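Where a number appears in this text, it was derived from the coordinates with a stated rule and is not lab data. Owing to the predicted nature of the structure, the values given are computational and were not obtained by experimental measurement. FYI the Cβ positions are ideal-geometry reconstructions off the backbone, even for glycines, and counts take in every protein chain you see.
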Amino acid sequence: MSQSDLWHGTTILTVRKGGSVAIGGDGQVSIGQTIVKANARKVRRIGKGEVIGGFAGATADAFTLFERLEAKLDQYPGQLMRAAVELAKDWRTDRYLRRLEAMMIVADPSVSLVLTGTGDVLEPEAGVAGIGSGGNYALASARALLDGPLDAEAIVRKSLDIAADICVYTNRNVTVEKL
């Protein structure tokens, strides 16, 4: 059984609206069909609090990527896009990093990005992106709510709640960070 088969599920969502950006994620960690932790914190501030990020995938791998991204942000202060591209290059070419199984969503006041182990650095369409097993459910919900009266944080919270109704690997123990 591969690591990706063993560690399964999470939901991370970002919404950019009205001059603010929010990233939220559920707290469930599952191994196979067993919930081993219900209150994991998969969303956090990095880069001296100027960047927010969330991860889906193997926890230790994601922490390694957060540490590497923080180092890139120290090297390129205030340049999230540049730091993310440099991390993606390392992720693709470094023998150790290549084996990491995680995805990240990161954002600063001006840009939101999805980072993958295949070297992708993607700016989401309409400022909305979701990753993880419940990511597409939360993404669809957020897109439907985007034109309504809710702000970015409220859309993230509502969309994660909807995803928790559909995805068995997503719970309602939500962490949201906003810039």
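Select from Val114, Val36, Val168 the residue whose mean-square fluctuation is largest in a Gaussian network model of the chain (Cα-Cα springs shorter than 10 Å).
Largest GNM mean-square fluctuation: Val36.
Considering the dipole of the range 3-173 built from charges on the beta carbon (Lys and Arg +1, Asp and Glu -1) around the Cα centre, which of Gly27, Gly119, Pro149 is farthest to its positive end?
After comparing all options, I get Gly27.
Cα centroid distance between the range 21-59 and the range 145-179, in Å?
14
What Kirkwood hydrodynamic radius do you get for the range 3-173 when you take the inverse of the mean 1/r over all pairs of distinct Cα atoms, in Å?
15.8
Which value, in debye to the nearest 20, describes the size of the charge dipole of the chain about its Cα centre when Lys and Arg Cβ atoms bear +1, Asp and Glu Cβ atoms bear -1, and nothing else is charged?
Magnitude of the dipole: close to 200 debye.
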